[in-house]
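Every number here is computed from the coordinates shown, using simple stated rules; none is lab data. Treat the numbers as computed from the prediction; the structure is a model and nothing was measured. No Cβ is skipped: glycine too gets one built from the backbone with ideal geometry, and neighbour counts run over all protein chains shown.
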Amino acid sequence: MKLEIDQQRLNSEIETLAAFSDAEPPAVTRIVFTPMDLKARAWVISRCEEAGLTMRQDAIGNIFARWSGADPSAPAVGTGSHIDAIPNAGKYDGVVGVLGGLEATRVLQRSGFRPRNSIELLVFATEEPTRFGIGCLGSRLLSGTLSAEAAAKLKDRDGESVDEVRRKAGFNGNLQEVKLPKGYYKAFVELHIEQGPLLERAQISLGIVKSIAAPASLRISIEGAGGHAGGVLMPDRKDALCAAADLILAIENAARSSGAADTVATVGVCDVFPGAVNSIPSRVGMTLDIRDTDLARRDGAMQTIERASHNIEVERHVSIHSEILNADAPADCAPEVRAALSDSCREHEFPFLEIMSRAYHDSLFVSRIAPTGMLFIPCRSGYSHRPDEYAAPEDIARGALVLAESLAKLSA
Ligand SMILES: [Zn+2]
């Protein structure tokens, strides 16, 4: 089977999709279910229809584009990623896996290949946590990792629930029905930019993911006592921001002293109330994002943080409340999918690196219900989630080629 990726068309499609943006180019902003996102989705659907794929959308807005196999009742082989983008992002995150997956399907069609299992391109809805505060909502629901009731209640910044927002966007189905039946996918492969610098540093164009790190995120609120910055003397203070400072350093320390470089913890949001120069902070709201490739080690670091938080409460006479938004387990990629990817690389004599995914992806959740793997391509300087995110057209084409061959092997 001789496969020739149409690199030019794939590249021009990536450029076209990037123009569906609420930010000035080269930045891309495409928040899920905004008018711009809906236009972009319609465009992607039209490209899939042009390729003769059978379309379906579920109640959360996941898009399924299916190329029926010779045995349509057999479990499908899936591929895909997302097209939503955080504010001021780039063109490639998620998009490479969607349009690369589409081109992988088309190149197989052009070659005369006929799959036994159907091949299905999946465009996951609301992968980015921008709107609803939780990432991978579409794949969490597909995999049953999150219940329909819990998902329906999540709210965006304007206080609109997932249920209200999706209905306004035209998705009126039953959220309970988003969960895929057991055995729906025989295998799933996601093509994605690395979002890190390792492939570029090694000057290797392909990365086969071994495992996907486990993220947890928490919302933490610290309640102290406010007062006049001149009037309240130091022994009498219950400064919520000073307590937050202690806690942030304790968080950093918990990650640094976990015993492995794979533990990473970040406080990325810190809202201070009332936020006036001459007023003692009475309340602080912050977030914690903590990840590891090892679940026990990550949970150990979380317990260390909890103990530190309790000590700070006692020492500083504040109350600290933390709420776990999600605490997911890491995933190992499936041996059969990794083998399909590495065999395809070897056949072309493409060198590849076995690599860890430190960012998490929809594949993390799909892995709960199907053998799953990921293929990475380099992105310049490891930059992602910024306007200068860049992946070279030849790397994208090579990724799409290896993806196509792997889909062929898995669906033959
Ligand atoms: Zn992504």
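Going by the alpha-carbon gyration tensor, a ≥ b ≥ c the square roots of its eigenvalues, is segment 18-65 rounded (a/c under 1.5) or, if a/c is not under 1.5, prolate (a/b greater than b/c) versus oblate?
Numbers: a/c = 3.56, a/b = 1.66, b/c = 2.14.
Note, shape of segment 18-65 comes out oblate.
The alpha-carbon of K409 sits under 16 angstrom from the alpha-carbons of these lysines, leaving out residues fewer than 8 places away in its chain: K2, K186. Note on C136, C242, C270: ascending count of other Cβ atoms within 10 Å places them as C270, C242, C136, the fewest first. By the gyration tensor of its Cα atoms, with a ≥ b ≥ c the square roots of the eigenvalues, what is the shape of segment 89-133: rounded for a/c under 1.5, prolate for a/b over b/c, or oblate? Judged from the Cα gyration tensor, segment 89-133 comes out oblate (a/c at least 1.5, b/c at or above a/b).
Per-peptide packing, taken as the mean over residues of other Cβ atoms within 10 Å, places 296-304, 254-262, 398-406 in the sequence 398-406, 296-304, 254-262 from highest down.
Here the dipole of segment 1-104 is about 140 debye; that uses its Cα centre as origin and unit charges on the Cβ of Lys and Arg (positive) and Asp and Glu (negative). Mean residue ellipticity, 222 nm, helices only, the chain: the sum of -39500 (n - 2.57) across DSSP H runs of n ≥ 4, divided by residue count and rounded to 500, is -11000 deg cm²/dmol.
Under the criterion of Cα pairs below 8 Å and six or more residues apart, the relative contact order for segment 172-299 equals 30 percent.
Computed from the alpha carbon atoms alone, the convex hull of segment 1-153 holds 106 Å³ per residue. Straight Cα distances below 25 angstrom link K168 to the lysines K39, K153, K155, K179, with same-chain residues fewer than 8 positions distant left out.
Dimensions of the chain along the principal axes, based on C-alpha atoms and rounded to the nearest Å, stand at 80, 46, 41, largest first.
Return the tail of the calculated pair distribution for segment 270-390, meaning the percent of Cα-Cα pairs more than 20 Å apart.
65 percent
Which percentage, to the nearest 5, of the DSSP beta bridges contained in the chain is antiparallel? Bridges in the chain that DSSP calls antiparallel: roughly 65 percent. Note on segment 340-412: semi-axes of the ellipsoid equivalent to its C-alpha gyration tensor, largest first and rounded to whole Å, are 22, 18, 10. Pick from E194, E177, E315: which residue has the top mean-square fluctuation in a GNM of the chain where Cα pairs under 10 Å get a spring? It is E315. The order of the peptides 52-58, 351-357, 98-104, 124-130 by mean Cβ neighbours within 10 Å, most packed first, is 98-104, 124-130, 351-357, 52-58.
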